[in-house]
Amino acid sequence: QVQLAESGGGLVQPGGSLRLSCAPSENIFSFYVMGWYRQAPGKQRELVAAISRGRGGNTTYADSVKGRFTFSRDSAKNTVSLQMNSLKPEDTAVYYCNAAARVGDIMYDYWGQGTQVTVSS
């Protein structure tokens, strides 16, 4: 069973920055896709950013975070991170690390426990 350990959430003022990290129990390059999702109260979980397999993998961002958030991988530490700058109150949500593993024609989704990000003055 793949485990994803998240860290880095907290309370920050508008315009501030936070960095989320996710450490999977398997090599980050073994996954088909890795991503960050978020879920605000009363809303559906939404994709924030995702990166495809491979050392030159393509990164996708939600329109609402483009130019403010950066998704990166650290092969030496076997972690993925989400650097969040210029945070807004609407970024407040529980953030989840996701890893998708493909076995034949079947995709398996793994989720972290979630970390709370609150943007408030």
- Does L82 meet the test of being hydrophobic (A, V, I, L, M, F, W, C), open to solvent by less than 30 Å² (accessible area, probe 1.4 Å), in a strand (DSSP E or B) and touching a residue at least 40 places away in the same chain (Cβ under 8 Å)? yes
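Listed here are the residues, each with its yes/no results for (1) within 15 Å of the chain's Cα centre (by Cα); (2) within 26 Å of M107 (Cα to Cα); (3) among the basic types (K, R).
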residue: S7; (1), (2), (3): yes, yes, no
residue: R19; (1), (2), (3): yes, no, yes
residue: P24; (1), (2), (3): yes, yes, no
residue: K43; (1), (2), (3): no, yes, yes
residue: T59; (1), (2), (3): yes, yes, no
residue: R68; (1), (2), (3): yes, no, yes
residue: R73; (1), (2), (3): yes, yes, yes
Is it the case that some residue within region 86-96 is touching a helix residue (DSSP H, G or I) at 6+ places or on another chain (Cβ under 9 Å) and not in a loop (DSSP other than H, G, I, E, B)? no
For region 69-79, the count of residues that are buried (at least 17 other Cβ atoms within 10 Å of the Cβ) and either closer than 19 Å to G16 by Cα or aliphatic (A, V, I, L, M) (or both) equals 2
When region 14-30 is checked residue by residue, the ones that are part of a loop (DSSP other than H, G, I, E, B) and over 14 Å from T70 (Cβ atoms) are P14, G15, G16, S25, E26, N27
When every residue in region 42-68 that is in contact (Cβ under 8 Å) with a residue 24 or more places away in the chain and within 19 Å of P14 (Cα to Cα) is compared, the one most open to solvent (accessible area, probe 1.4 Å) is S64
Within region 86-111, of all residues that are over 13 Å from F31 (Cβ atoms) and in contact with a Phe, Trp or Tyr (Cβ under 7 Å, 6 or more places away or on another chain), the one most open to solvent (accessible area, probe 1.4 Å) is Y96
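The values are calculated or read from the model by the stated rules, or taken from the named source; none is laboratory data. Nothing here was measured: the structure is a model prediction, and the numbers come from that model. When we count neighbours, we look across all protein chains shown, and the Cβ atoms used for this are built from the backbone with ideal geometry, even at glycine. All accessible areas refer to the heavy atoms of the entire protein, side chains included, with ligands and DNA or RNA removed. Shrake-Rupley method; radii C 1.70, N 1.55, O 1.52, S 1.80 Å.
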